[in-house]
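Asks: Dumping the structure here so I can ask a few things about it.
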Amino acid sequence: NPAAFVAGHARFRRQPGQVGARVRDDFAPALRSDVIRVEESRKGLSKPDAARVGQALKLTRTDPREACAVWKALARDNAAHAPTQFNAGLCAEAAGADQEARVAYGAVLRIDPASAPARRAMLRLDSRARAQAQVDAHNRA
């Protein structure tokens, strides 16, 4: 139907900004900033390690680098505790150590395959890797 084609084409021409906004992320990487909360659960930890979680939580407000040192030590000492593995992954990701973050999030998913925060974290890492590959390909061209 030629009339329907013309009407559809005219509607498309009136909405180029909307169409562009919908497909922009399909073609060009975007810088974004996410607010991600640390996991606070102490369930399953010894009393001393639970106290270290409290210390790390306090440090996240004042000294994130030191908080990450505590999370990393907790994760090393508590390999089967998903929240500390997740927090160690957040610290690695924040430091730009995506491979280390991927290992930590993978540990979380082996402990708790349904962990939505760890799944979102892996998707974030995958998205960043794809974006970096696009930028690298563009810079080589």
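Asks: So which of Ala94, Ala129, Ala118 is in contact (Cβ under 8 Å) with a residue 24 or more places away in the chain, closer than 22 Å to Cys68 by Cα, within 15 Å of the chain's Cα centre (by Cα) and open to solvent by 50 Å² or more (accessible area, probe 1.4 Å)?
Replies: Within the list Ala94, Ala129, Ala118, the selection yields Ala94.
Asks: Any chance the stretch 66-86 includes a residue that's within 24 Å of Gln132 (Cβ to Cβ) and without any contact (Cβ under 8 Å) to a residue 24 or more places away in the chain?
Replies: Looking through the stretch 66-86, none of the residues is within 24 Å of Gln132 (Cβ to Cβ) and without any contact (Cβ under 8 Å) to a residue 24 or more places away in the chain.
Asks: Shifting gears a bit: Name the residue, out of Arg124, Arg102, that is outside any loop (DSSP other than H, G, I, E, B), charged (D, E, K, R) and open to solvent by 60 Å² or more (accessible area, probe 1.4 Å).
Replies: Arg102
Asks: Could you please let me know if Asp112 is open to solvent by 60 Å² or more (accessible area, probe 1.4 Å) and in contact (Cβ under 8 Å) with a residue 24 or more places away in the chain? So that I can check it myself, show each step before the final result.
Replies: Details: open to solvent by 60 Å² or more (accessible area, probe 1.4 Å): yes; in contact (Cβ under 8 Å) with a residue 24 or more places away in the chain: yes.
So Asp112 fits the description; yes.
Asks: Right, next: Name the single residue, out of those in the stretch 72-90 being in a helix (DSSP H, G or I) and farther than 14 Å from Pro117 by Cβ, that is most open to solvent (accessible area, probe 1.4 Å).
Replies: Out of the qualifying residues, it is Arg76.
Asks: So which residues in the stretch 35-53 are open to solvent by less than 40 Å² (accessible area, probe 1.4 Å), touching a residue at least 12 places away in the same chain (Cβ under 8 Å) and either more than 22 Å from Arg110 (Cβ to Cβ) or assigned to a helix (DSSP H, G or I) (or both), if there are any at all?
Replies: If the condition is that a residue be open to solvent by less than 40 Å² (accessible area, probe 1.4 Å), touching a residue at least 12 places away in the same chain (Cβ under 8 Å) and either more than 22 Å from Arg110 (Cβ to Cβ) or assigned to a helix (DSSP H, G or I) (or both), then Asp49, Val53 are the ones that fit.
Asks: Do we find that Arg24 is modelled with pLDDT of 60 or more, in a loop (DSSP other than H, G, I, E, B), open to solvent by 80 Å² or more (accessible area, probe 1.4 Å) and of a type outside the set (A, V, I, L, M, F, W, C) in this structure?
Replies: no
The values are calculated or read from the model by the stated rules, or taken from the named source; none is laboratory data. Bear in mind the structure is a predicted one, so any value in this text is a computation, not a measurement. Note that each Cβ is placed from the backbone with ideal geometry, even for glycine, and that neighbours are counted across all protein chains shown. Calculation scope for accessible area: heavy atoms of the full protein, side chains included, ligands and nucleic acids excluded. Shrake-Rupley method; radii C 1.70, N 1.55, O 1.52, S 1.80 Å.
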